[in-house]
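The values are calculated or read from the model by the stated rules, or taken from the named source; none is laboratory data. Predicted model only: the values in this text are computed from it and were never measured. Note that we place each Cβ from the backbone using ideal geometry, even for glycine, and neighbour counts take in every protein chain shown. Protein only, heavy atoms only, side chains kept; ligands, DNA and RNA dropped before computing areas. Shrake-Rupley method; radii C 1.70, N 1.55, O 1.52, S 1.80 Å.
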Amino acid sequence: MARGKGKIELKPAKQDLPSKVYPVCDRPFTWRKKWAKDWDQVRYCSEACKGAPKL
């Protein structure tokens, strides 16, 4: 007797997630679920990066 209702959705592999480079510190980063709504606005990797002067 099965308990589930439907199929389990598989998550995409980590290498298949979208990625970008931080414009301030030039570090690469990949998509995170908490950034789903704000993906286009993410610009800083940390508070230190946010406060760093742009070159």
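Assorted remarks:
- Against the criterion of solvent-accessible heavy-atom surface with a 1.4 angstrom probe, 46, 19 sort, most first, into 19, 46.
- Inter-site label distance for residue 29 and residue 15 at 7 Å from Cα along Cβ, in nm: 2.4 nm
- Take residue 21: with every protein chain present and a 1.4 Å probe, its accessible area is about 80 Å².
- Apportionment of accessible area to carbon and sulfur, the chain, percent (1.4 Å): 52 percent
- Largest-first ordering by accessible area, 1.4 Å probe, given options 25, 49: 25, 49
- Here the Karplus relation 6.51 cos²θ - 1.76 cosθ + 1.60, evaluated at θ = phi - 60°, turns the backbone of region 19-25 into coupling constants of 9, 9, 10, 4, x, 7, 10 Hz, with x for every Gly and Pro.
- Global geometry of the chain, whether rounded, prolate or oblate, following the gyration tensor of its Cα atoms and the 1.5 cut on a/c: prolate
- Listed residues 17, 10 arranged by accessible area, highest first, probe 1.4 Å: 10, 17
- Heavy atoms of the protein chains alone define the surface here; on that basis the chain has 103 Å² accessible area per residue at 1.4 Å probe size.
- Of the whole protein surface, residue 38 contributes about 80 Å² of accessible area at a 1.4 Å probe radius.
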